[in-house]
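What follows is one structure encoded as structure tokens, with my remarks underneath.
The values are calculated or read from the model by the stated rules, or taken from the named source; none is laboratory data. As the structure is a computational prediction, the values presented were derived from the model and not from experiment. Virtual Cβ from ideal backbone geometry, glycine too; neighbours counted across all protein chains shown. The area values use the complete protein model at the heavy-atom level, side chains included, leaving out ligands, DNA and RNA. Shrake-Rupley method; radii C 1.70, N 1.55, O 1.52, S 1.80 Å.
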Amino acid sequence: MPDVHLETVYFSGRVQGVGFRYTALQVAREFEVAGFVTNLPDGRVHLEVEGAREQVEAYIDALQERMHGYVRNAERSSRVRPGQHSGFSIR
């Protein structure tokens, strides 16, 4: 696979039990991105999303806009790597 832009995001706040993962999946369908979203035992949500930089950043912005009342903090890191995901899933 060709190299893609990867963002790893850890969302904290009231992000579990509020439809965050389902919303992440629905919003992903509006962009050309791949990856996954999962709940963590410490109450955060882990998002890994890859694709063209513009698509990834627009996706994260759209997700944060839809979940703005629930997200207190988003710890983001990014890098370029060969694509590893096909589609978007909830784990």
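Data table
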item: Residue identified as open to solvent by 40 Å² or more (accessible area, probe 1.4 Å), assigned to a loop (DSSP other than H, G, I, E, B) and of a type outside the set (A, V, I, L, M) among GLN64, GLN26, GLN84, GLN55; result: GLN84
item: Positions within region 40-52 being within 16 Å of ASP3 (Cα to Cα) and surrounded by fewer than 16 Cβ atoms within 10 Å (Cβ to Cβ), in sequence order; result: ALA52
item: Test: residue in region 57-73 that is touching a strand residue (DSSP E or B) at 6+ places or on another chain (Cβ under 7 Å), without any contact (Cβ under 8 Å) to a residue 12 or more places away in the chain and closer than 20 Å to ARG91 by Cα; result: yes
item: Answer residue from region 1-23, given it is open to solvent by 20 Å² or more (accessible area, probe 1.4 Å), aliphatic (A, V, I, L, M) and part of a loop (DSSP other than H, G, I, E, B) and is modelled with the lowest pLDDT among those; result: MET1
